[in-house]
Amino acid sequence: MKIAIVMGTRPEIIKLAPIIKKLPKSSSTVIFTGQHYDYEMSLQFINQLGIQNLDYKIKLTKLQNTTTDRATQIGEMMIKLAKIFTKINPDTVVVQGDTNTVLSSAISSIKCSIPVSHVEAGLRSYDWRMPEEHNRVAVDHISEFLFAPTKLNKTILTKENVHGKIFVTGNTSIDAVCENIKNVEKTKTISDDFDDFVLLTLHRGENVDDKNILSGIINGLINSNTKIVFPLHPRTLKKLKLFGLFSKITNSKNITILPPVGYFDMLYLMRKCNLIVSDSGGIQEESTAPPIRKKVLVLRTSTERIEAVETGFAEMIGVNSSKIASSIRKNFNNPLKLSKNPYGSGKTSKKIIEILKKKI
Ligand code: UD1
Ligand code: UDP
């Protein structure tokens, strides 16, 4: 079995690491597209999570404008990946999630006659503003093996009549939490001073690329009058500065900005905080993991992770300023009512490898 695994952004590295580390180095080729290029968004995770066999590291032309350069970047990745796939000729190319890296890899792979394996298949937000939704739909329909985290994801794929075979496996994000939580205490670099706080992340294009929406979110967070710790995604930092909103946060009494933090620090913050407020996909899953079990207020109007909402781990609060402030205040001291975590028990990577071994 010869497997190529492609990853390009922070969440892909985190969620593919459990698979990469269980595969023999001799039968796997790991390719990094460089979609995320800052150390804090890429190499930091590759190093921390112990991915030692990074076989190819692509260098991409830097985007000047996320919207108009998107197609160019996808094209560039496809051309560079096709050269690598042709050279190594794997039995399958494994991709995870819904990023531009995933779309580029899947198209390149199928056009090189190599079957695509899609980890985290069948998620749908039905929100066509999201580039991620375009990517998910396209990749699911050209994949040969679809690893659906939940039964609901399988139902969605079956209804869409996808071409490939579907397997319900859970989500590797839970494996990542379970496998790394034991390292937190000895490796964390965050000070112990943060107590009674909300952990915030924010990066989705629909939220940060629109000045009015971003400004409303920031106002809601400030008006919550609750202590907030905010590891800042580089896209959000750029937009806050562009829209003249950065000083509003630095002048606020309740929000502390951090650079994007490493995975162990993130696990530490997730475990220690009272509440999470986020528009992240991965964090909605990780919050359900047995070692975390925290409520996430989701700064979005749609979600492709309905299971997290149905089990009470996530609540969609949208982007209205006063709703954000009141929801934070309401949930801050309310412990989560216990419910079953929907994304598996941390054995997803093992299941996926066993299926691939049988099928290819
Ligand atoms: C991408 C994914 C998104 C995922 C997120 C994880 C797509 C369409 N989006 O969004 O699904 O949730 O990664 O974080 O693939 N930037 C930097 N340094 C970096 C990376 C990005 O400064 O290391 C800035 C650049 O200005 C860049 C912008 O962020 O143009 C957007 O980066 P991009 O990778 O296109 O999208 P993300 O918002 O990171
Ligand atoms: N994460 C991290 N440091 C941060 C912010 C997020 O390690 O400063 C982790 C988080 O725990 C999760 C993943 O990055 O595993 C989520 O990435 P992101 O929110 O950027 O992308 P999404 O999941 O929305 O695609």
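The values are calculated or read from the model by the stated rules, or taken from the named source; none is laboratory data. Values in this document were obtained by computation on a predicted structure and should not be read as measured data. Quick reminder, even Gly has a Cβ in these numbers, built from the backbone with ideal geometry, and neighbours come from all protein chains shown.
In region 204-228, the residues that are closer than 14 Å to I249 by Cβ reach residues that are of a type in the set (G, A, S) and outside any helix (DSSP H, G or I) with C-beta atoms within less than 9 angstrom, at least six apart or across chains, in these pairs: I218/S252; L221/S252; I222/S252; I228/S252.
Can you pull out every residue in region 99-157 that is polar (S, T, N, Q) and out of contact with any Gly (no Cβ under 9 Å at 6 or more places or on another chain)? Passing the criteria: S108, S109, S113, S125. Considering only residues in region 270-285 that are buried (at least 21 other Cβ atoms within 10 Å of the Cβ) and farther than 19 Å from E132 by Cα, the one that is nearest to ligand 2 (Cβ to nearest atom) turns out to be M270.
Within region 280-302, the residues that satisfy the criterion of being within 18 Å of E120 (Cα to Cα) and either within 13 Å of ligand 1 (Cβ to nearest atom) or of a type in the set (F, W, Y) (or both) are S280, G281, G282, I283, Q284, E285. Taking helices (runs of 4 or more DSSP H) that fall entirely within region 279-360, which contain at least 2 residues that are touching a Leu at 6+ places or on another chain (Cβ under 7 Å)? Where helices (runs of 4 or more DSSP H) fall fully within region 279-360 and carry at least 2 residues being touching a Leu at 6+ places or on another chain (Cβ under 7 Å), they are 306-310, 321-331. For region 232-268, taking the residues that are charged (D, E, K, R) and not in a loop (DSSP other than H, G, I, E, B), the one that is farthest from I13 (Cα to Cα) is identified as K248. Taking the listed residues K87, K80, K57, K62, the one that is more than 16 Å from ligand 2 (Cβ to nearest atom), out of contact with any Lys or Arg (no Cβ under 7 Å at 6 or more places or on another chain), closer than 21 Å to I142 by Cβ and basic (K, R) is K80, with no other qualifying. Remark: pairs (first residue in region 38-56, on the phi > 0 side of the Ramachandran plot; second residue in a loop (DSSP other than H, G, I, E, B) and not hydrophobic (A, V, I, L, M, F, W, C); Cβ separation under 8 Å; 6+ apart in sequence or on different chains) = G50/K21. Answer yes or no as to whether S322 is at pLDDT below 95 and farther than 15 Å from L199 by Cα. No; evaluated as a whole, the condition is false for this residue.
Quick grid of which residues meet (1) of a type in the set (D, E, K, R); (2) closer than 30 Å to Q64 by Cβ; (3) crowded, with 16+ Cβ neighbours inside 10 Å:
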position	(1), (2), (3)
I142	no, yes, yes
A148	no, no, yes
T155	no, no, no
I181	no, no, yes
K186	yes, no, no
S191	no, no, no
F197	no, no, yes
G205	no, yes, yes
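Of the helices (runs of 4 or more DSSP H) lying entirely inside region 35-113, the ones with 3 or more residues being surrounded by fewer than 17 Cβ atoms within 10 Å (Cβ to Cβ) are found at 70-88. Of the residues making up region 217-269, those that are among the hydrophobic types (A, V, I, L, M, F, W, C), within 13 Å of ligand 1 (Cβ to nearest atom) and surrounded by fewer than 19 Cβ atoms within 10 Å (Cβ to Cβ) number 2. For first residues located in region 131-160 and without any contact (Cβ under 8 Å) to a residue 40 or more places away in the chain, partners that are surrounded by fewer than 24 Cβ atoms within 10 Å (Cβ to Cβ) and charged (D, E, K, R) and lie 6+ apart or on another chain with Cβ distances below 6 Å form the pairs A148/K154; I156/R124. Restricting to region 173-227, name every residue that is more than 21 Å from the chain's Cα centre (by Cα), basic (K, R) and not in a helix (DSSP H, G or I). Passing the criteria: only K227.
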